[in-house]
Amino acid sequence: MKLAIYGAGGLGREVLELAQKINAAESRWDALCLIDDNPRFEQLSGYAVVPLNMLKPEEYEIVIAVGEPSLRRKLAQKIGDGGFRLTTLVHPDARISASCTLGEGCVVCYGAFISCDTVIGRNVHLQPNASLGHDCHIGQDSIISSYANLAGKCLVGERVFIGMNAVIRETTSIGDDSIISMGAAVFNDIAPAMIVMGNPARAIRPNMEKKVFR
């Protein structure tokens, strides 16, 4: 089996390095490549960059390396419609409880910590040193950035973006399509599709476009 990384930007290069690390330890894939539907170059870091329609589902499994949650959802749908399978990548130095559940297509980077009985949905990306307390539930297509720290029993919706160094109080709920800005300290529940900043965190406006990056 071969691995294709969907996304040839900065996050794609980071996930490529993660895949190389896993392959060095496990010899899991025969070959690696990156996917870009409108490739501007043929290679990146020595690996081929190709559109999805050049690949065969029986030969490749795919992981998504895009930081925009709404686009992650669309790409996951496209991958499934094409007959491909999402695969999960976990860095050898991540610390994950045996009672944790990881959905397909998740990426867990170096130094991430996932405590007991946490459930992580499909296609979630945990960046380096993110920390999830016990009994958290993370909705699909969400991004948990580096050094974000979620205490126990937090409920995070789908397509949520939690920025670097954000902290979330225990038992807090965060609605679908919300953005928690870097460094925010969240003490109260967050309604769906809100942009939240500050310490203590406050909603500053709705996320009308349901996008993080503009």
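The values are calculated or read from the model by the stated rules, or taken from the named source; none is laboratory data. As the structure is a prediction and not an experimental result, all values here were calculated from the model. Neighbour counts run over all protein chains shown; Cβ positions are idealised from the backbone, glycine included. Protein only, heavy atoms only, side chains kept; ligands, DNA and RNA dropped before computing areas. Shrake-Rupley method; radii C 1.70, N 1.55, O 1.52, S 1.80 Å.
Put simply, of SER145, SER97 the only residue that is open to solvent by 20 Å² or more (accessible area, probe 1.4 Å) and either polar (S, T, N, Q) or closer than 16 Å to ALA65 by Cα (or both) is SER97.
Within region 196-214, the set of residues being exposed (fewer than 14 other Cβ atoms within 10 Å of the Cβ), closer than 16 Å to PRO69 by Cα and either out of contact with any Asp or Glu (no Cβ under 6 Å at 6 or more places or on another chain) or charged (D, E, K, R) (or both) comprises MET208, GLU209, ARG214. Of all residues in region 3-55, those satisfying the criterion of being assigned to a helix (DSSP H, G or I), touching a residue at least 24 places away in the same chain (Cβ under 8 Å) and either among the acidic types (Asp, Glu) or within 22 Å of LEU126 (Cα to Cα) (or both) are LEU11, GLY12, ARG13, GLU14, VAL15, LEU16, LEU18, ALA19, LYS21, ILE22, ALA25. Looking at GLU158, GLU104, GLU170, can you tell me which residue is without any contact (Cβ under 8 Å) to a residue 24 or more places away in the chain and acidic (Asp, Glu)? Within the list GLU158, GLU104, GLU170, the selection yields GLU104.
Consider GLU61 against the criteria (1) in contact with a helix residue (DSSP H, G or I) (Cβ under 9 Å, 6 or more places away or on another chain); (2) open to solvent by less than 20 Å² (accessible area, probe 1.4 Å); (3) not in a helix (DSSP H, G or I): it satisfies all of them except one. Which criterion is unmet? Every listed condition holds for GLU61 apart from (1).
If only residues of region 100-131 that are of a type in the set (S, T, N, Q) and either under 14 Å from the mean Cα position of the chain (by Cα) or open to solvent by 30 Å² or more (accessible area, probe 1.4 Å) (or both) are counted, the one that is farthest from LEU150 (Cα to Cα) is ASN123.
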